[in-house]
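See below for the structure under consideration.
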Amino acid sequence: MSHLSRRDLLRASGAGLLALAAGGALAACDSASGGASGGDADTGTVTVWSWATAALALRGVVPAFEKDNPGIKVDVQDIGNPAIWDKITVGLAAGGQGLGDVLHIGCDYLPGYLEKFPGGLADLSAFGADAHRDKFAKGLWPVVTGKDGHAYALPWEANPLGFFYRKDCFDKAGIDPTTFATWDDLIAVADRFKAANPGISLLGINKAANPDPDLDFVQNLMQLQGAFYFDLQGKITLGSEPAARALTVLKRLDDTGLVADAPGAHGWADLMKTGKLAVAPMPSWAAHYLEAKFADQSGTWRLTKPPAVTPGGKRAALVNSTHLAVAASSPRRRAAWKFVEYALTRPASVNSMFTAGGVFPALTTAYADPMYAAPSAYYGGQSVLKTFADLATDGGDATNFTGDYARALKLASDAQTKVFLKGADPAAVLRDAAKQLAQQTGRTIA
Amino acid sequence: MTAVTTPVNTPAAPPGTPPAKARTRARRGPRWRRTALPYLLLAPALVTFGVFKAYPIVDSLLLSFTTGNGSAGHADGLANYRRLLDDPLFWTALRNTGEMLVVQVPLMLALALLMAVAINSALVRWRTVWRLGIFMPAVTGLVATGVMFSFLLRTEDGAVNRLLEAVGLPAVDWLGQPFWARMSVVLVLSWHYTGYNAVIYLAGLQSIPRELYEAAMVDGAGAVRRFTAITVPALRPLLLFTVVLSTIGTLQLFDEPYVLTGGGPDNATLTVSMYLYQNGFRYFDFGYASAIAYALTLLVSVLGAVQMRLMGERDR
C-alpha cells in the first residue's frame with residue numbers, strides 16, 4: 001500500500017501544521033514548565049505512535065523484539081494520518097504529557113518539531129545512534145540531525161525518485177528512455193513521440209493548482225540538483241539557479257505541447273486511467289501504487305533512473321522520508337530506543353515491515369535480500385525494487401522542509417501557475433516568490 | 001412576563017405589623033429571585049456570546065499585535081499592520097474582492113428586483129412554486145454547491161460548455177483562466193443569493209398599496225414609469241438594506257472561491273477572507289491573520305457607513 005501517496009502527504013501538511021501552530025500557542029502559555037523531564041528506564045511498556053499500514057508493519061516486529069528483550073512490552077497504536085500530527089503537537093506543547101514513547105514522524109514535520117519545541121524529542125546520539133549513521137541511504141542523516149549535530153530520530157522509510165514510462169508508446173516512436181542522460185534528451189525527441197502517439201502526453205500536471213498545488217515534479221527536479229526551497233541552514237533558495245532550471249525544464253516540456261492539464265483532485269488519475277500519460281516521474285511507493293490502481297496497463301510500464309537536470313548531473317534523489325523518534329518526556333527512553341534500534345537497523349526487521357506495510361526501507365544493508373531482485377510481471381519482468389534499491393544506495397542530497405514548507409509550496413505553486421497560464425519567465429517569478437517568502441517568514445535569502 | 005414577576009403595586013404595610021427588619025428578611029428571598037431570574041434566563045446566551053464571540057474578538061485584536069508562534073511568539077506592536085501594507089498578496093486579494101463586488105452586487109440586485117416584480121405580477125400562476133424555485137439556492141449547502149458547479153463548469157464535458165457549444169459559442173476554461181475563474185465565482189455567488197434578495201423585494205412589493213398603481217394608471221403612466229416612479233422609491237429602504245448586506249457579504253467572500261477555485265489560478269480569485277484563512281489555518285500565522293481580520297473589519301465599517309449616508313440621506 002502506498003501509505004505516503006502524494007495526495008495524502010499534501011493533505012497531511014495542512015492538518016498537521018494546524019496542530020503544530022495550535023500546539024505552539026499552547027507552548028507559549030506553558031513555557032514555564034520548560035522541557036520534558038523523562039527518564040531512562042530500560043523496561044516497561046513502550047507505546048509506539050504510527051499510522052495505517054506502517055503501524056501494521058511495526059506490529060509485526062513486536063513478537064520477536066519482546067522475545068529478545070524480556071522486560072519490555074511494546075504497544076503499537078494506529079493514531080491515523082493526519083491525526084497523528086495534531087496529537088504529537090499538542091503532546092509536545094504540553095511538555096510531553098500524553099505523548100507516546102516512540103513517534104513516527106515525516107520529513108515535512110520533523111524540522112518543524114525540532115524548531116518549535118526544542119528539547120521535545122530525545123537526543124538519540126546519547127544512546128549511540130551515531131554508530132548507525134552510515135547504514136542509511138545517503139542524504140537522510142542531516143534530516144534527523146538537530147542544530148547541535150545530534151540525532152533526534154532514525155530514518156525508516158525512504159522514497160527514491162524513479163522514472164516510470166510506457167514502453168509501448170516509446171517503442172512506437174522508436175525511442176528508448178533508458179538512453180536519456182538529461183531531461184533535454186526527452187525534450188529533443190518530443191516531436192517524434194507526438195507524431196507516433198497522437199493524443200498522448202508525457203506528463204499530467206494540475207496547471208491551475210486547483211484545489212491543491214501540484215509541485216512534485218518541479219520539487220523532484222530541484223532535489224535531483226541537491227536543491228530545494230530552503231538550504232540546510234533554513235535560508236531561502238526558492239529563487240536560486242537550480243530552482244529556475246527545474247521550472248524551466250517543465251516550461252520547455254510544456255512548450256512541446258506534451259504536458260496535459262490534470263484539473264481537480266482526480267485529474268491525474270483520470271488521465272492515467274484512460275492511458276493518456278506516458279511518463280510518471282514518481283518515487284518508490286509508486287511501484288505498488290501504479291500496479292494496484294492501473295492494473296489493466298500491466299506489461300506496458302517500465303522503470304528507469306530519472307534523467308539528470310544538467311549534463312553529468314545527479315540521477316538519484318530522495319523525495320521524502322519518515323522516521324522514528326523518541327519523546328524526551330518518556331520515562332523509559334532507553335527501552336524506547338531499544339525498540340527503534342531493533343526495528344530500523346536490522347535488515348530482517350525492515351524487510352518484514354516492507355513486505356507487510358509497503359514501507360520502502362532507508363536501511364541500505366536491507367537491499368541484499370533476494371526479494372529486491374524478484375521480477376515483476378506488471379513491469380514486464382523488470383526488477384523494479386532492485387532499481388529503487390540501487391537509487392537509494394546512490395543516495396540523494398538532504399532536503400530541509402523547515403517549518404515554513406506550506407508557505408514555500410504555495411508561493412512556488414503560484415510561480416508555476418504563472419509560467420503555465422501566462423508564459424512567465426521561470427527565473428523572474430521564482431525570484432519574486434523568494435522575496436515574498438522572505439517577507440512572510442522573516443528568513444533570509446541565501 | 002413582567003406582569004407575573006413584578007407586583008403591580010406594593011401594598012402598604014397594615015397597622016400592627018412585625019418590626020421592619022423581619023419584614024425585609026422575609027421579602028429578600030423572593031426579590032433576589034425576582035432580579036436573578038432574567039439574568040439566569042439570559043445566562044446561556046451571554047456565556048455563549050462571551051466565550052464564542054467576545055473573547056475571540058478581543059483576543060484576536062491582541063493577537064494582531066504579536067508575531068511568531070509557539071514559544072517564539074512575542075508582542076510586536078504594529079509590525080503586522082506594516083507588513084500588511086507591503087504585502088502584494090493582500091493587495092491582490094483586495095483588488096479581486098473589489099472587482100467581484102463591483103460586478104456582482106449590482107448585477108445580482110437588479111436581477112433579484114426583476115424576478116420579484118415578475119413573480120408579483122398578477123399574470124403569473126403557481127407563485128408558490130416560483131417563489132420556492134428562486135429561494136431554493138439560498139438554502140443549498142456550501143459543499144453541494146461547490147461540487148455541483150465544479151461539474152457544471154468542467155472544460156471538457158461540463159453542462160455549461162456543452163450549452164455554449166450548442167449555440168455555436170466556444171468552450172470556456174471556466175476554472176483554469178484567471179478572468180473566467182473570477183466570473184465563475186460571480187456566477188455561483190449570484191446563483192446562491194439572488195433568490196434570497198428577490199424574496200425580500202417581493203415582501204416589499206406586496207406592501208405597496210395597490211391604489212398608487214391604479215391612480216398612476218388613471219393618470220396614464222406606463223409600466224416602466226410606474227416601476228421607476230412608484231416601485232423603486234417605495235422599495236428604497238429595502239434596496240439600501242440589501243445593498244449594504246450584499247456589500248458586506250461580498251467583502252467577506254470566502255465559501256464560493258474556497259469550494260470552486262481554491263483562490264486560484266495564480267490568486268485570481270483570492271479574497272481577503274481566503275487570504276486570512278490561509279495565513280491562519282494553513283501557515284498558522286495567527287497574529288498576521290488577525291491583523292488581516294481587523295483591516296477587513298475597518299473596510300467593511302467604512303464602506304457600510306458611506307453607503308448608508310449616500311442612499312439613506314433623502315429619508316432625513
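Please treat every number below as a calculation from the coordinates, not as lab data. Because the structure is a prediction, the values reported are computed rather than measured. Heads up, the Cβs are rebuilt from the backbone with ideal geometry, glycines too, and the neighbour counts pull from every protein chain shown.
Ordering A:342, A:401, A:361 by Cα displacement along the dipole of chain A toward the positive end leaves A:401 in first place; charges were set at the Cβ atoms of Lys, Arg (+1) and Asp, Glu (-1).
At 37 °C and 0.692 mPa s, what whole-number value in µm²/s does Stokes-Einstein give for the translational diffusion of the range B:81-315, with Rh from the Kirkwood sum over Cα pairs?
D, rounded to a whole number, is 165 µm²/s.
With the simple model of a label 7 Å out from the Cα in the direction of the Cβ, residue B:156 to residue B:76 spans 4.5 nm. Only the Cβ atoms of Lys and Arg (+1) and of Asp and Glu (-1) were treated as charged; on that basis the dipole of chain A about its Cα centre amounts to roughly 440 debye.
Among A:399-406, A:423-430, A:167-174, the peptide with the highest mean count of other Cβ atoms within 10 Å heads the list, and the full ranking is A:399-406, A:423-430, A:167-174.
Straightening the chain between residue B:254 and residue B:226 buys 6.2 nm, computed as 0.36 nm per residue apart minus the Cα-Cα spacing. Of the beta bridges in the protein assembly as shown, as assigned by DSSP with both residues counted there, near 65 percent are antiparallel. Can you classify the range A:48-94 as rounded, prolate or oblate using the Cα gyration tensor, where a ≥ b ≥ c are the square roots of its eigenvalues, rounded means a/c under 1.5, and otherwise it's prolate if a/b beats b/c and oblate if not? Note, shape of the range A:48-94 comes out oblate. Since only B:237, B:109, B:42 are under comparison, the one whose Cα sits farthest along the positive direction of the charge dipole of chain B, derived from C-beta charges on Lys, Arg, Asp and Glu, is B:42. For chain A, the antiparallel share of DSSP beta bridges with both residues in that region comes to about 60%.
What you get for the range B:81-315, charging only the Cβ of Lys and Arg (+1) and of Asp and Glu (-1), is a dipole of about 520 debye around the Cα centre. Fraction of C-alpha pairs exceeding 17 angstrom in the range B:54-114: 63 percent, rounded to a whole number. Between the helical axis of A:347-357 and the longest alpha-carbon principal axis of chain A there is an angle of about 70 degrees. Projecting the Cα atoms of B:199, B:188, A:284 onto the dipole axis of the protein assembly as shown, where Lys and Arg carry +1 and Asp and Glu carry -1 at the beta carbon, places B:199 farthest toward the positive end. Using the Cβ-Cβ distance between residue B:136 and residue A:232 with R0 set to 51 Å, the FRET efficiency from 1/(1 + (r/R0)^6) comes to roughly 0.35. All other residues whose Cβ lies under 10 angstrom from that of residue B:188 are scored, Lys and Arg at +1 and Asp and Glu at -1, for a net of -2. When the trypsin sites (Lys or Arg not before Pro) in the range B:93-183 are filtered for DSSP coil states and for at most 16 other beta-carbon atoms within 10 Å of their beta-carbon, the remaining sites are B:125.
Which angle from 0 to 90°, rounded to the nearest 10, does the C-alpha axis of helix A:241-255 make with the longest principal axis of chain A? Long axis of A:241-255 versus the principal axis of chain A: about 40 degrees. Applying D = kT/(6 pi eta Rh) to the protein assembly as shown, where Rh is the Kirkwood radius over alpha-carbon pairs, T corresponds to 25 °C and eta to 0.890 mPa s, the Stokes-Einstein value obtained is 81 µm²/s. Derived value for chain A: Kirkwood hydrodynamic radius 22.5 Å. Basis is the mean of 1/r over every pair of different alpha-carbon atoms.
Beyond 22 Å in Cα-Cα separation lie the following of the pairs A:273/A:314; A:194/A:314; A:135/A:386; A:138/A:251; A:235/A:305; A:73/A:338: A:273/A:314; A:194/A:314; A:138/A:251; A:235/A:305. Computed across the range A:223-294, the Kirkwood radius stands at 14.7 Å (inverse of mean 1/r, all Cα pairs). Here the range A:45-76 is scanned for amide nitrogen atoms under 16 Å from the site 7 Å beyond the Cα of residue A:83 along Cα-to-Cβ, giving A:48-56, A:76. In this Cβ point-charge picture (+1 for Lys and Arg, -1 for Asp and Glu), the protein assembly as shown has a dipole of about 2840 debye about its Cα centre. Close amide-amide hydrogen proximity is noted between residue A:122 and A:326, A:327, A:328, each under 5 Å apart and 5 or more residues distant or on a separate chain (H modeled in the peptide plane; Pro and chain starts excluded). The overall shape of the range B:168-257, judged from the alpha-carbon gyration tensor, is prolate: a/c is not under 1.5, and a/b is greater than b/c. Counting only alpha carbon atoms, the long axis of helix B:236-251 and the longest principal axis of chain B meet at about 80°. Between residue B:207 and residue B:47, the contour length at 0.36 nm per residue exceeds the Cα-Cα span by 53.7 nm.
Once the C-beta distance of residue B:36 and residue A:273 is scaled by a Förster radius of 51 Å, the resulting FRET efficiency is 0.15 to the nearest 0.05. Cross-link partners of residue A:87 among lysines, defined as those whose alpha carbon lies under 20 angstrom from its own and excluding same-chain residues fewer than eight positions apart: A:116.
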